[in-house]
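The values are calculated or read from the model by the stated rules, or taken from the named source; none is laboratory data. Keep in mind that this is a model prediction, so the values were computed, not measured. All Cβ positions, glycine included, derive from the backbone under ideal geometry; neighbour counts span all protein chains shown. Accessible surface is based on the protein model in full, side chains and every heavy atom, while ligands, DNA and RNA are left aside. Shrake-Rupley method; radii C 1.70, N 1.55, O 1.52, S 1.80 Å.
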Amino acid sequence: MSINERVVGETCIICEQPKHNGIHLYTSFICLECEKDIVQTDTNDPKYKYYINQLKLVVKPEIYS
Ligand SMILES: [Zn+2]
């Protein structure tokens, strides 16, 4: 008897792939690869803009005081 292990994990908001390892940002999930990518990407890189855009979709800063 084999165990059909279908561990899907969570869907990363950046690469939109189900991953097991990553961090939670508010209610969203970013996989380790993307997290590393974001950190290593130069802010002038167009890729960086994409990342930030993806992040903006989930990060809603609540500015209440
Ligand atoms: Zn990812």
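A few points about this structure:
- Considering residues of the stretch 11-47 that are in a strand (DSSP E or B) and within 10 Å of the ligand (Cβ to nearest atom) only, the residue most open to solvent (accessible area, probe 1.4 Å): 11
- Contacts under 7 angstrom Cβ, first residue in the stretch 22-34 being closer than 15 Å to residue 51 by Cα, partner small (Gly, Ala, Ser) and in a strand (DSSP E or B), 6 or more apart: 29/22; 30/22; 31/22; 32/22
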